[in-house]
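Report on the structure given below.
We did not get these values from a lab; they are worked out from the coordinates using the rules stated. Only a predicted model underlies this, so the values are computations on that prediction, with no experimental measurement involved. Here the Cβ is made from the backbone with ideal geometry for all residues, glycine too, and neighbour counts use every protein chain on show.
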Amino acid sequence: MNQKASSIGNIATEILSKDCSGEVTRVFGRSTYIRAKHDFVLLLWGGLRSPVTVNIEGDSNSQSRTRVGERCSLSREKIGLGDLQIDLRRAEVFRSALLRTREITLPKGTALAKGVAMLRSLYEVSPAGPTLPSDPALRTFVGETLVPFANGNSRTIFSPVHYLPLIGRGGGFTPAGDDFVGGVVTVFNYVARCRRTRQVMIPSKLIHGRTVPESAMILSHSARGNVDEGTERLILASTGGGVRFYDELLAVARRGHTSGIDMSLGVMLCEAALAQTEGESGALQKCLDTFWNP
Amino acid sequence: MTVSKGMVEEANQEAVERMMDSEPVWVDLAPASNKMGLRGKTLLHAGPPLSWKYASGPMKGAIIGAAIYEGWAESEKQAVRLAQEGEIKLDCDHHHNAAGPMAGVISPSMPVYELEDRKFANKTYSNMNEGIGKVLRYGAFSKEVLDRLHWMSDIVAPVLQATAKGMIKAGAGLALKPMIAQALTMGDDCHNRYVATTSLFAKQTAPFLVRTGFDPKTLAEVSRFIDGNNFTMLNMGMAAGKAMTLAGHNVKYSTIVTVMSRNGTDAGIWVSSLGNRWFATKAPVPKGLWFPGFTEADANPDLGDSSITETAGFGGFAMAAAPAIVSWVGGSVQGALEVTERMYEITQAQHKHFQIPFLDFRGTPVGIDLRKVLKTGITPMINTGIAHRKAGIGQVGAGTVSFPLQVFKDAFEAYVDKFGV
């Protein structure tokens with residue numbers, strides 16, 4: 001079976017350029033994770049583009065016989081997985097727009113609180129239930145890290161240990177806590193890169209063993225601005241000075257059981273904390289009241 | 001104060017319980033001027049608010065036809081001028097507790113079915129069904145179309161009105177909920193397939209129809225008309241759907257959708273707790289099967305209030321009950337089953353009264369929850385007829401259409417603005 005890729009992420013390109021072999025670690029309906037060279041490549045039939053993704057045209061029936069543990073050959077021209085051959089030669093390279101810098105304008109506190117209200121409402125109808133909102137680790141993180149930062153104390157926000165209790169917490173393939181931290185760190189660092197200020201660094205070795213390797217990889221890449229195009233659209237819309245980012249928020253919030261909501265919540269709360277440091281008085285508290293004290 | 005989860009859940013359950021508890025009964029059939037108070041050159045239409053300028057071909061055709069039917073104009077040209085100059089006032093069916101299929105045009109002298117909700121005391125309305133093909137609701141307005149409408153008004157309506165009165169007098173008013181419930185177990189979806197429902201209607205009304213006092217020739221004509229049109233009961237089914245959803249409307253904090261409708265240009269919804277505010281966007285074009293000689297290129301964007309059936313928990317939501325419908329709207333039996341299964345993901349409850357035998361008599365999905373639509377990205381699936389995009393031609397096919405996500409986003413944002421922050 002031969003198929004063609006329409007897009008390949010910049011990180012996937014780097015990995016595949018090393019002409020190596022890989023091993024299948026996860027197989028879902030339309031996606032397959034392949035471990036290679038201490039990193040991962042995600043084969044995705046259709047779907048959003050991302051830095052680690054190879055987006056394949058056509059249906060995903062061809063991967064139905066793929067099994068976890070199966071070996072595959074990887075090169076810049078072709079991926080061979082059992083009898084499936086994926087031609088990469090005409091695939092365009094996707095690179096996240098968050099790697100580029102620009103002027104940042106954060107939303108008003110009321111706009112962010114509205115976004116948080118939407119997310120809270122969507123938690124209520126998620127099949128998995130609202131795992132993250134009721135997790136004490138989230139309250140601790142918010143109380144000890146985001147609130148002090150919003151109030152002008154930036155000591156804890158740069159300290160990786162404050163993020164670790166959330167890593168691996170909650171259900172889902174990518175645990176809810178990972179998704180939330182991913183949202184916080186991605187937007188924080190994007191704003192920091194644009195303004196040439198200090199970024200948050202969570203060393204991979206600290207995350208290792210606390211969560212599934214694929215989630216750790218996503219977290220690590222997103223902290224550096226390598227995000228999928230849905231996350232990219234949300235962050236660009238909500239830091240671009242426009243007043244409309246709810247469509248992007250709702251699009252991301254649809255992902256997984258609560259994965260997209262968890263990540264979006266991280267983005268909203270972090271932006272509220274950042275906005276408060278810039279004089280948007282009470283922005284974070286407004287969001288937290290909306291989220292926890294309706 | 002913002003709304004807590006418990007408050008929303010309670011409100012949604014209340015809205016859906018009210019929808020399911022509604023008991024619409026057919027009580028009358030008389031001119032809209034009499035029953036709905038339509039006055040002057042006012043025409044009601046399907047879907048969200050619309051002006052002549054932005055009306056689609058089939059909607060314009062139906063407006064032209066209705067203007068000639070009413071005697072306001074003698075020709076297409078005159079009717080167009082009246083509409084362009086604003087002499088004909090347009091308003092939504094839903095603003096008058098009515099629901100009309102396709103263009104859904106109701107004019108003052110057109111007979112309308114009146115349904116009374118015996119539980120919640122609401123009255124709802126719909127016009128009479130003309131059949132398929134070249135008909136007013138699909139934008140056709142030729143002489144044969146208008147002659148048929150006059151014949152329906154002059155001959156069919158008086159007989160059916162007398163039938164309804166006879167049933168009421170005998171204490172046996174035609175109850176729509178049990179009829180729909182039964183028809184769903186007989187292979188109808190009660191939106192695009194009304195074969196069983198129409199048969200049940202003929203069966204239940206027959207003892208009263210024959211005692212209306214009209215001459216046998218007239219009764220035979222009327223019976224033939226009912227028998228010859230499998231969509232006879234579509235309009236009354238829609239009025240029943242309107243009664244059910246109206247019962248669930250205006251429940252504070254509820255995120256349940258209480259109207260979904262299209263006018264051939266826009267598609268729009270109402271949400272229970274947001275009153276009669278429309279959230280609308282461009283109407284999609286249906287996919288389906290085409291009558292001989294027509295293709296997708298001929299299709300107008302979707303129109304009609306008939307998606308009130310899905311809003312009330314039948315129609316496309318009950319496709320699993322109606323495997324034969326795929327020969328009319330396209331797709332496969334398995335696909336029809338999957339549509340119903342998907343709709344459970346975006347609804348509040350399983351219907352207490354409407355059941356699907358093939359799913360072990362599981363209740364149909366009922367009560368579209370705005371939040372679930374947005375969380376899943378699954379949008380309501382509608383069974384629909386397809387009109388030609390040009391005025392005057394009529395129906396060119398039947399199919400399915402997915403309601404646009406944007407209206408749910410807009411409504412959700414308005415909901416959060418009202419209650420959430």
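Observations
- A Förster radius of 45 Å, combined with the Cβ-Cβ distance separating A:Phe173 from A:Ser17, puts the computed FRET efficiency at roughly 0.95.
- Going from the residue with the fewest nearby Cβ atoms within 10 Å to the one with the most, A:Cys72, A:Cys20 rank A:Cys20, A:Cys72.
- Cβ crowding within 10 Å, taken as a proxy for footprinting-reagent exposure, orders A:Arg35, A:Arg49, A:Arg67 from fewest neighbours to most as A:Arg67, A:Arg35, A:Arg49.
- Each Lys and Arg contributes +1 and each Asp and Glu -1, all at the Cβ; summed about the Cα centre of chain A, the dipole is approximately 480 debye.
- Estimated from helices alone, the mean residue ellipticity of the protein assembly as shown at 222 nm is -11000 deg cm²/dmol (sum of -39500 (n - 2.57) over DSSP H runs with n ≥ 4, per residue).
- Qualifying GluC sites (Glu not before Pro) in the range B:1-31, where qualification requires a DSSP coil assignment and no more than 13 other C-beta atoms within 10 Å, are lacking entirely.
- Distance cut-off 41 Å, percentage of C-alpha pairs in chain B lying past it: 9 percent
- Screening chain A for whole DSSP H helices with an alpha carbon extent of at least 30 angstrom along the helix axis and a mean Kyte-Doolittle hydropathy of at least -1.0 yields nothing.
- A dipole drawn for the protein assembly as shown from +1 and -1 charges on Cβ atoms has a positive end, and of B:Tyr138, B:Phe419, A:Thr13 the residue lying farthest that way is A:Thr13.
- Separation of the range B:304-329 and the range B:28-103, taken as the distance between their Cα centroids, equals 26 angstrom.
- Shielding by other protein chains, B:372-382, mean Cβ within 10 Å: 4
- The separation of the range B:183-230 from the range B:347-420, counted between C-alpha centres, amounts to 28 Å.
- Only alpha carbons enter this Debye calculation for the range A:151-294, each as an equal point scatterer, and the log10 of I(q)/I(0) it gives at q = 0.11, 0.16, 0.19 Å⁻¹ is -0.38, -0.84, -1.22.
- Chain B: relative contact order as a whole-number percent, Cα under 8 Å and 6+ apart: 22 percent
- Shielding score for B:406-417, defined as the mean number of other chain Cβ atoms within 10 Å: 3
- Between the listed residues B:Val329, B:Ser307, A:Leu146, the Cα displaced farthest toward the positive end of the dipole of the protein assembly as shown, a dipole computed from Cβ unit charges relative to the Cα centre, is found at A:Leu146.
- Whole-Å distance, taken between Cα centres, linking the range A:92-116 and the range A:228-249: 5 Å
- Whether the range A:113-167 is rounded, prolate or oblate, judged on the alpha carbon gyration tensor where a/c under 1.5 counts as rounded: oblate
- The magnitude of the dipole of the range A:94-169, with charges of +1 and -1 set on the Cβ of Lys/Arg and Asp/Glu and taken from the Cα centre, is near 280 debye.
- Among beta bridges from DSSP that stay inside the range A:2-95, the antiparallel ones total about 70%.
- Its alpha carbons considered, the protein assembly as shown gives a radius of gyration followed by a Dmax of 29.0, 93 Å.
- Cα-based shape type of the range B:1-91, given that a ≥ b ≥ c are square roots of the gyration tensor eigenvalues and the cut on a/c is 1.5: prolate
- For the range A:57-67, 3J(HN,Hα) per residue [Karplus equation, 6.51 cos²θ - 1.76 cosθ + 1.60, θ = phi - 60°, Hz, x = Gly/Pro]: 7, x, 8, 9, 4, 5, 9, 4, 8, 5, 10
- Rounded, prolate or oblate (a/c below 1.5 giving rounded, otherwise prolate when a/b exceeds b/c) for chain A by Cα gyration tensor: prolate
- Here r is the Cβ-Cβ distance between B:Gln78 and B:Ala324 and R0 is 45 Å; the resulting FRET efficiency, rounded to 0.05, is 0.55.
- Which of B:Ser107, A:Ser220, A:Ser21 has the fewest Cβ neighbours within 10 Å, and the rest in rising order: A:Ser21, A:Ser220, B:Ser107
- Dipole magnitude of chain B about its Cα centre (Cβ charges: Lys, Arg +1; Asp, Glu -1), debye to nearest 20: 280 debye
- Each peptide in A:94-103, A:9-18, B:243-252 was scored by the mean count of other Cβ atoms within 10 Å over its residues; highest first, the order is B:243-252, A:9-18, A:94-103.
- Other protein chain Cβ atoms within 10 Å, averaged over every residue that makes up A:119-128: 6
- Its Cα gyration tensor gives the range A:31-115 an equivalent ellipsoid. The semi-axes, each the square root of 5 times an eigenvalue, are 34, 16, 13 Å from largest down.
- Selection from B:Leu149, B:Met319, B:Ser22 lying farthest towards where the dipole of the protein assembly as shown points positive, charges on Cβ: B:Met319
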